[in-house]
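The values are calculated or read from the model by the stated rules, or taken from the named source; none is laboratory data. Just so it is clear, the model here is predicted, and its values are computed rather than measured. With ideal geometry, Cβ positions are generated from the backbone for all residues, glycine too; neighbour counts draw on all protein chains shown. SASA here: full protein model, heavy atoms, side chains in, ligands and nucleic acids out. Shrake-Rupley method; radii C 1.70, N 1.55, O 1.52, S 1.80 Å.
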Amino acid sequence: MQSTVSPQGLEFAQALVRINTVSANSNLDLIDLVRAELARHGVESRLTFNEERTKANLFATLGEGKPAGIILSGHTDTVPWDGQDWTFDPLGGEVEGGRLYGRGSADMKSFIALAVAHAETFLASKAPFAIHLALSFDEEVGCFGVRHLIADMRDAGIQPLACIVGEPTNMVPAIAHKGVYRWRCCVRGKEAHSSLTPNSVNAIEMAARVVTKVREVAERLERSEPRYEGFDVPFSTASVGQFHGGIADNVVPRDAEFRYEFRDLPTADVMALQREIVDYAKSLEPAMKGVAKDAGFDFQTICEIPSFLGSASDDITRLALRLAGESRTTEVAFGTEAGIFKQSGVRTVVCGPGSIQQAHQPDEYVTLEQLARCERFLRGLSEIREIG
């Protein structure tokens, strides 16, 4: 049994870490590198782009002509490292003390690199299914790219058997995570000199009332929502992350804005929670409009990442357990693209190298032992004859 990561797998992981794919940047350099590596093996790639064509998803099939396939899914973008105290170069891809350091080493370029590095193995596989590589953009800012990838896959008539999302789970298959839904609330009031407040609508004060409502909902969920044991926080949560408004101490503010999120259990109705917030805001509008006709609230969706709920009895979960050498599944606190694949009708599990405890942190790293475990998983995938 191989106990160390292969040189080619590690080198390709280092190469991907050294490409700056922070979500604000293009990911095309990484996509071009992967595309060239696959082309070296005679594999063509399908690309779908964002509107500006500065970012791309990549979808490639290893084993063209086989009746179905298993998706290996990963996102190419990373979070920034501005203001973080790093010891290592975030783009250095350095190896020290049995760890690969760099932004994206755990989340989740190493999984992508190892999957691509095993292209030749998958092409030579006698498994009765193909392997699909699905690499997306803009996961970190709302899982935007993968929706285009899935739509293109469907348009091409590709109907995969299952999907493995390689987010960092320490190679323990995860069968559930919460959703992440974020909204922006823009409040329009009416400005006035602060000595004439009856002639005004204070946008900050109106916004604060709705912020208080968000907090009330959060407290109710914590107090009374049925628990989903296995999560670090076994109930749905709500919180406000940003608040902006006002121009001077003696001017009643005309405008205010805040942003909030729900992280909902797979059993929760997040849209019902959002309607509760919107309905409360709308109940404040008649009094506001009595002073200024254009006063009111405007809600804008920032991101919708659905929760994910698989099953320990699913064939893909049982396969992942066998390949990972694990006897248990887990739930994870972070959001992934798994819920979107599941909504599209694809059986899905989350399983990849590294720990989320290192993701997004200074000196992000993944251990070489985890990379070796992932390689054993991938080689095992090429050797199986059936999923069930």
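Quick look at the numbers
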read-out: Around residue 305: net Lys/Arg minus Asp/Glu count, Cβ-Cβ under 13 Å; value: -3
read-out: Highest average packing first - 169-182, 234-247, Cβ atoms within 10 Å; value: 169-182, 234-247
read-out: Equivalent-ellipsoid semi-axes of segment 31-78, from the Cα gyration tensor, Å, largest first; value: 21, 13, 10
read-out: Highest-first arrangement of 24-31, 225-232, where packing means the average Cβ count within 10 Å; value: 24-31, 225-232
read-out: Radius, Kirkwood style, for segment 250-289 when every pair of distinct Cα atoms is counted (Å); value: 12.7
read-out: Ranked packing of 4-17, 324-337, 151-164, most packed first, by mean Cβ within 10 Å; value: 4-17, 324-337, 151-164
read-out: Residue pairs, from the table 66/342; 55/178; 126/178; 213/293; 178/289; 178/293, whose Cα atoms sit over 31 Å apart; value: 126/178; 178/289; 178/293
read-out: Neighbour net charge for residue 121 - beta-carbon separation under 13 angstrom, K R +1, D E -1; value: 0
read-out: Rounded to whole Å, sorted largest first: equivalent-ellipsoid semi-axes of segment 155-215, Cα gyration tensor; value: 50, 17, 8
read-out: q = 0.33 Å⁻¹: log10 I(q)/I(0) that the Debye formula gives for segment 308-349, counting C-alpha atoms only; value: -1.19
read-out: Kirkwood hydrodynamic radius over Cα pairs of segment 260-388, then Stokes diffusion coefficient at 37 °C and 0.692 mPa s, in µm²/s; value: 177
read-out: Computed Kirkwood radius, in angstrom, where 1/r is averaged over Cα pairs of the chain; value: 22.5
read-out: Hull volume in cubic angstrom per residue (convex hull over the Cα atoms of segment 1-160); value: 114
read-out: Mean accessible surface per residue for the chain, computed with a 1.4 Å probe while every protein chain stays in place, in Å²; value: 43
